[in-house]
1. On the given criteria, is ALA91 surrounded by 17 or more Cβ atoms within 10 Å (Cβ to Cβ), of a type outside the set (Val, Ile, Thr), closer than 24 Å to GLY191 by Cα and at pLDDT 90 or above?
2. Pairs needed: first member in the range 64-79, more than 20 Å from SER245 (Cβ to Cβ); second member anywhere, open to solvent by 40 Å² or more (accessible area, probe 1.4 Å) and at pLDDT 95 or above; C-beta distance under 7 Å; at least 6 residues apart or different chains.
3. When the range 144-175 is examined, which residues are found to be of a type in the set (Gly, Ala, Ser), under 17 Å from ALA88 (Cβ atoms) and touching a Lys or Arg at 6+ places or on another chain (Cβ under 9 Å)?
4. In the range 24-75, which residues are aliphatic (A, V, I, L, M), farther than 21 Å from VAL250 by Cα and in a loop (DSSP other than H, G, I, E, B)?
5. Could you grab the pairs with beta carbons closer than 9 Å, sequence gap of 6+ or different chains, first residue in the range 108-123 and closer than 22 Å to THR195 by Cα, second one hydrophobic (A, V, I, L, M, F, W, C) and open to solvent by 70 Å² or more (accessible area, probe 1.4 Å)?
6. Read through the list (1) closer than 30 Å to GLN220 by Cα; (2) free of Cβ contacts under 8 Å to residues at least 40 places away in the same chain; (3) in a loop (DSSP other than H, G, I, E, B), then give the number of the only condition that LEU132 fails.
7. Test ALA150 against the stated conditions and say whether it is assigned to a helix (DSSP H, G or I), free of Cβ contacts under 8 Å to residues at least 40 places away in the same chain and either out of contact with any Asp or Glu (no Cβ under 8 Å at 6 or more places or on another chain) or on the phi > 0 side of the Ramachandran plot (or both).
Amino acid sequence: MRPGRPAAEGVALLVAAVVAFPLYWMVLSAFKPAGEVQTTHPRPWTLSPSLDSFRRVFTQQDFGRYFLNSLIVAGTVVLLSALIAFLAATAVTRFRFRFRTTLLIMFLVAQMVPVEALTIPLFFLMRDLGQLNTLGSLILPHLAFSLPFAIWMLRGFVKGVPVALEEAAALDGASRTRFLWQILFPLVFPGLVATSVFSFISAWNDFLFAKSFIISDTSQSTLPMALLVFFKPDENDWGGIMAASTVMTVPVLVFFVLVQRRLVVGVGGALK
């Protein structure tokens with residue numbers, strides 16, 4: 001064992017504990033009774049766990065609809081961004097055409113623009129397209145913002161597949177379409193998983209676009225907007241806020257666990 005390994009592992013555990021503590025406190029507060037949540041002497045444990053906060057969340061009107069809307073937005077963004085990014089990354093890597101470098105630079109520039117700076121122009125664009133108060137007003141911006149990162153990341157994976165493999169497939173009689181979906185797609189799939197995780201988290205946790213583009217039709221709202229119900233002028237319902245936040249976190253954790261193995265391979269491949 002290397003001399004500095006125990007110290008490095010200790011630092012890693014300390015960092016992991018610091019990162020995980022807010023998540024632990026959120027879940028703990030969701031299970032605490034109201035009196036313990038509001039106390040001025042909080043304790044990092046509870047001897048009287050309660051489900052009252054979760055009952056208030058699930059009895060809230062239209063909470064199920066908000067949950068379903070978030071799933072539709074995040075799922076659509078993940079599927080469309082993965083498909084478009086895969087085809088675009090293949091095109092800019094395998095084909096030579098005019099303005100290819102300019103196009104790649106434009107992808108990079110688009111990634112650098114702050115989301116907040118484009119929210120107002122996007123609001124007027126969605127209004128002119130008649131998409132305000134629809135889930136399309138949330139899907140389109142997230143799709144646009146997730147594509148540059150996904151294309152740049154997948155470009156490295158596509159570039160890592162030898163051209164000789166494509167030539168060998170062509171000699172064996174495989175068409176370009178067959179090579180694309182039956183050979184290239186499985187090889188870059190870990191990269192697709194890695195980009196899909198970032199797209200899912202971005203769309204699932206979005207509050208800015210949901211608050212800006214869903215202005216009157218609450219039936220089109222998503223889960224982050226549902227949290228506003230528990231913020232009240234006189235006294236915030238912190239138990240409800242923590243319980244709703246816990247419910248929001250569960251799909252992200254499930255998605256992360258399902259793709260964890262592919263994600264490690266994908267991120268590792270992107271860093272090579």
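The values are calculated or read from the model by the stated rules, or taken from the named source; none is laboratory data. Owing to the predicted nature of the structure, the values given are computational and were not obtained by experimental measurement. Note that each Cβ is placed from the backbone with ideal geometry, even for glycine, and that neighbours are counted across all protein chains shown. Note: areas computed on protein heavy atoms with side chains; ligands, DNA, RNA excluded. Shrake-Rupley method; radii C 1.70, N 1.55, O 1.52, S 1.80 Å.
1. The answer is no for ALA91.
2. none
3. GLY156, GLY160 - these are the residues of the range 144-175 that are of a type in the set (Gly, Ala, Ser), under 17 Å from ALA88 (Cβ atoms) and touching a Lys or Arg at 6+ places or on another chain (Cβ under 9 Å).
4. Selection gives LEU47 alone.
5. LEU108/TRP152; GLN111/PHE149; GLN111/TRP152
6. The one condition LEU132 does not meet is (2).
7. So ALA150 does not fit the description; no.
Okay, residues lined up against (1) touching a Ser or Thr at 6+ places or on another chain (Cβ under 8 Å); (2) hydrophobic (A, V, I, L, M, F, W, C); (3) open to solvent by 40 Å² or more (accessible area, probe 1.4 Å):
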position	(1), (2), (3)
LEU104	no, yes, no
VAL113	no, yes, yes
LEU125	no, yes, yes
SER137	no, no, no
